[in-house]
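Reviewing the structure listed below.
The values are calculated or read from the model by the stated rules, or taken from the named source; none is laboratory data. Owing to the predicted nature of the structure, the values given are computational and were not obtained by experimental measurement. Heads up, the Cβs are rebuilt from the backbone with ideal geometry, glycines too, and the neighbour counts pull from every protein chain shown. When the accessible area is computed, the model is the full protein with side chains, heavy atoms only, and any ligands, DNA or RNA have been set aside. Shrake-Rupley method; radii C 1.70, N 1.55, O 1.52, S 1.80 Å.
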Amino acid sequence: MGNSRTDPSGGDDADVQILTAGKRRIPVHSKVLAAASPVLESMLDRPQKRGGEGRVIPILGVPHDAVCAFVRLLYSARSCVTPAVEGEEAPEVGEHGVHLLVLSHVYQVGWLKRACERALASRLTAEGVVDVLVLARRCDAPWLHLRCLRLIARDYAAVESTEAWRFLQENDPWLELDILQSLQDAHLRQKRRRRKREEEKVYTELSEAMECLQHICAEGCTEVGPSGRGPPPRDPTHCPNPATCRGLQQLIHHLAACDRKKKPPQQQQQQQHGCPRCKRLWQLLRLHSAICVHPDPCKVPLCSQFKQKMEQTKRKAEEEKDEKWKLLVKKVASARVMSHLAKRKRQEGIQNQEAWLKQKLID
């Protein structure tokens, strides 16, 4: 074992041997192993049997070359040559990523485990993602597990047609159910995030509309006008949002020119609620009055009227609430009286029964 591929230590003063598959041995230094892995350190601290050969640590179940790569990386960490930590993947990690992930998990080599996760995640394919996901679950690698789930969600049709997925369905249906549930949860979270973004967009647009409405009614927008019409130029005022201002001015002009005014009052009200453009402006004016903090009189049309209507509605709601509270108090008081009456009746019945028993005993 003179070359670097089979003798990672490269030294003659090694005091520990690692036993690998095929009964092959790798000479290493105990100080290197103890510094790199707390598990190997505890194994080295065990008392040695008398008369036995030098200390031997068996690492079986993985190929000999993977164990050699594992030891070389432990030595590279000791000499501060850790390309995987600095973002450059070490050749050994790319070649033996699966086995090194298992070894780094078993022997608690954190930096190597993270490097193996990154290496495996960069090579994920639909054909092998199921095997990597199972490995990530068993090796407690949540970051790699999440990357596998993302790939499955992105290309589920291709993954479902693989041999690994069919094997999973036949031999571990609970794991399949867990994966599908995770995908469903991720899909629901994505829908909630998308819906939240859309709601925030609507709220932002409404906020801009409120600002433009106040700007049009209080200052007079001189920078834009519907179809080129508008007030004569004066000292220009800053328009917060020209596109929104133009749309609001068009709604205002439509409300003034809407043919609902040509009909009787009852039909006017029906036309107002039937015309979508009038209804939209009506809702914007009502929304403004609900968030308006300007003292009366506000220059936005109908603001004061909407405020008065909201106050009336609030007082009516409070009165209804008081009526419900009074009704609740009345029912509770009635139930209390009935409970006292029932209790008194039970006590009188017990007393009468005791008096009857005493009379019987006397007789």
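How much accessible surface does Arg166 have with a 1.4 Å probe, in Å² rounded to 10? Only protein atoms counted, so the area is about 90 Å². Peptides 298-308, 95-105, 143-153, 173-183 ranked from most to least packed give 95-105, 143-153, 298-308, 173-183, packing being the mean of other C-beta atoms within 10 angstrom over each peptide's residues. Kirkwood-type hydrodynamic radius, segment 84-169: 13.1 Å, calculated from all non-identical alpha-carbon pairs. Amide H contacts under 5 Å for Ile57: Gln17, Ile18, Leu19, restricted to partners 5 or more places along the chain or on a different chain, H placed in the peptide plane at 1.01 Å from N. The order of Leu206, Leu327, Leu124 by accessible area, most exposed first and with a 1.4 Å probe, is Leu327, Leu206, Leu124. Given a 1.4 Å probe and the protein chains as shown, Leu284 ends up with an accessible area of around 20 Å².
Largest accessible area first, the residues Ile291, Ile362 order themselves as Ile362, Ile291 under a 1.4 Å probe with ligands, DNA and RNA left out.
When all protein chains stay in place and ligands, DNA and RNA are ignored, the 1.4 Å accessible-area order of Trp356, Trp111, largest first, is Trp356, Trp111.
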